[in-house]
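Before any comments, here is the structure.
The values are calculated or read from the model by the stated rules, or taken from the named source; none is laboratory data. Keep in mind that what you see is a predicted model, and the values were worked out from it rather than measured. With ideal geometry, Cβ positions are generated from the backbone for all residues, glycine too; neighbour counts draw on all protein chains shown. For the accessible areas, the whole protein counts, side chains as well, though only heavy atoms, and no ligand, DNA or RNA atoms are used. Shrake-Rupley method; radii C 1.70, N 1.55, O 1.52, S 1.80 Å.
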Amino acid sequence: MNSIYKYILRIADDSLILGQRLSELCGHGPAIEEDIALTNIALDLIGQATSLYEYAAIVGGEGKTADDLAFLRFEREYTNVLLVEQPNGDFGMTIARQWFFDSFRVLFYEALLTSTDQQLAAIAAKSLKETKYHWKHSSEWLIRLGDGTDESHARVQKSLNYLHRYTEELFFMDEVDADVIAQGIGVDLLALKPIYDQKIEEVLLQATLELPTNNWKQVGGRVGKHSEHLGHILSELQYMQRAYPNMEW
Amino acid sequence: MKEINMSELEQQFQAKIAKDIKIEPKDWMPEAYRKTLIRQISQHAHSEIIGMLPEGNWITRAPNLRRKAVLLAKVQDEAGHGQYLYSAMETLGESRDKSMADLISGKAKYSSIFNYPTLSWADIGAVGWLVDGAAIMNQVALCRTSYGPYARAMVRICKEESFHQRQGFEIMCTLMKGSKVQREMAQDAVNRFWWPALMMFGPSDADSTHSQQSLDWKVKRHTNDELRQSFINATVPQAELIGLTIPDKDLKWNEAKGGYDFGPIDWEEFRQVISGNGPCNAERISARKNAEDNGQWVREAANAFAEKRSAKKAS
């Protein structure tokens, strides 16, 4: 399968799996306003995933639909980063995960705007607007929790310490990336890293939080080697399609 | 002197009600009117918030991307409705915190329907079609309720509810056009949700304790039985259109009254469910309590942060 197809699926899977994780929280947020905000972010992510899977289905040229790609692949065929499949945890964990992801995603979509692939550039333009709001929301909460009470500071610091190991993978590149970069379609993630580091640092400073000194990095999602969480996510996500195959809903 | 003033105020209030002029938060109103509204609006707000749970139960298992997005949007709307309604309630001097505490302690009620479980995807269709359909009957009438903030909240809510009802019916249509297993799933959902949906309108007029005064104040604009009849009249033809059977052997068109006759409602079941003995009452309240408890440190942090920032600005 060609590199552009794989490339689109990676972006789509990140959106789908994070959207699915946030969907679990619907009705259980710490305040009604946050229920609304988190559900809205989930909705944006599912929307982004849909546009991307629709495009991947065309590029793939195998007669599959967006739903086939979202619901009917096996665990090892999903290529989202490990970060997005991590459990929601407490609100601090949810926010920290979202903030790491949004900080990356804003820069990624900005860079994808200039893709020579018109369709990807268009999806990036629409998604960027949404993602800037997500980033504003998650950054503001990170600052509020970091500089709130002793308890909130300790909780969110603990979440950052835990999730930091999954952030390097946001910048993972292999031959798929090399190929799409050579065609002017994909984003050189290496070039984004220093900007990301600075963006992260600015918010952490306001939040009175810091990144852990332990620099252990966990990767694998982009090549289909996931944490144990993904199988459980998929068993819910795919339940209807697996239990009642080949039906219209 | 004071008594004379009170009666003048009371007369002004009654005159406004008679002329269909909305009562606004700063207007004088009888204490009983205020209490009735607080009770009704908070019950309504709680119903929106608790109502997120049975539908939220299927978001992660929605069968395709479009259904997942639509369901997320719908449940998000319910949260929004809860938010406007709590705000309308706050204009009457009741705090959201107290109201939420009353919900968790079991003192405050919410619509009995949300104490039933959603067991299949078809239940999401049935909830949209029947439960939101029943809610619209009530809510359209409430757009003309006498208290201004409540009436205005209802106008906005009704627009979204009618979209919800249509999406529920569309799920049912799709299932009825599908395979045998899908048609059975749809019929099973109707079998379980039909009677609880009829109970949503509340007790029969003869047994409704708050009805007459609420009608006089124009808080309510139609009786429970009138609304229930309108709902049945509107819904039965929709069921017939797509081949669903209403689980009521006594249901038949009555030409003379221009509406359907229907079988007896099991009011004992209704009383049990509203008094806490429905299939999911404990789960619903415990989910709400967990959300409140788990959110406590978050709300404290937000308050502490806001105080720090305003102290910084002041200095």
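For segment B:50-77, filtered to residues that are more than 7 Å from chain A (Cβ to nearest Cβ) and open to solvent by less than 10 Å² (accessible area, probe 1.4 Å), the residue that is nearest to residue B:100 (Cα to Cα) is B:50. Of the residues making up segment A:193-221, those that are open to solvent by 20 Å² or more (accessible area, probe 1.4 Å) and in a helix (DSSP H, G or I) number 10. Screening residue B:97 with (1) assigned to a helix (DSSP H, G or I); (2) at pLDDT below 95; (3) buried (at least 18 other Cβ atoms within 10 Å of the Cβ) gives one miss only, at (3).
Yes or no: segment B:176-192 includes at least one residue that is in contact with a Pro (Cβ under 8 Å, 6 or more places away or on another chain) and over 18 Å from residue B:61 (Cβ atoms). Talk me through it step by step, then tell me what you get.
In the first step, residues of segment B:176-192 are kept if they are in contact with a Pro (Cβ under 8 Å, 6 or more places away or on another chain); the result is B:190-191.
Applying the additional criterion that residues be over 18 Å from residue B:61 (Cβ atoms) yields B:190-191.
Looking through segment B:176-192, at least one residue is in contact with a Pro (Cβ under 8 Å, 6 or more places away or on another chain) and over 18 Å from residue B:61 (Cβ atoms).
Selection of first residues in segment A:217-246 that are without any contact (Cβ under 8 Å) to a residue 60 or more places away in the chain and of second residues that are open to solvent by 40 Å² or more (accessible area, probe 1.4 Å) and not basic (Lys, Arg), restricted to Cβ pairs under 6 Å at least 6 apart or on distinct chains, gives the following pairs, ordered by first then second residue: A:217/A:168. Taken over segment B:105-126, the criterion of being surrounded by fewer than 23 Cβ atoms within 10 Å (Cβ to Cβ) and either within 14 Å of chain A (Cβ to nearest Cβ) or more than 14 Å from residue B:281 (Cβ to Cβ) (or both) is satisfied by B:118, B:119, B:120. Among residues of segment B:175-189 being under 23 Å from residue B:117 (Cβ atoms) and free of Cβ contacts under 8 Å to residues at least 40 places away in the same chain, the one that is least open to solvent (accessible area, probe 1.4 Å) is B:178. Only one entry in A:52, A:45, A:83, A:72 is open to solvent by 20 Å² or more (accessible area, probe 1.4 Å) and either modelled with pLDDT of 95 or more or over 17 Å from the mean Cα position of the chain (by Cα) (or both), namely A:72.
Hey, could you check segment B:154-174 for residues that are open to solvent by less than 10 Å² (accessible area, probe 1.4 Å) and more than 14 Å from chain A (Cβ to nearest Cβ) and say which is farthest from the chain's Cα centre (by Cα)?
Just the residues of segment B:154-174 that are open to solvent by less than 10 Å² (accessible area, probe 1.4 Å), to begin with: B:154, B:157, B:161, B:164, B:168, B:171-172.
Of the ones still in play, those that are also more than 14 Å from chain A (Cβ to nearest Cβ) are B:154, B:157, B:161, B:164.
Details: B:154: 11, B:157: 10, B:161: 10, B:164: 13 Å.
Checking each candidate, the answer is B:164.
In a helix (DSSP H, G or I), without any contact (Cβ under 8 Å) to a residue 12 or more places away in the chain, within 14 Å of another protein chain (Cβ to nearest Cβ) and open to solvent by 20 Å² or more (accessible area, probe 1.4 Å): does that describe residue B:275? Taking the combined requirement at face value, the residue does not satisfy it.
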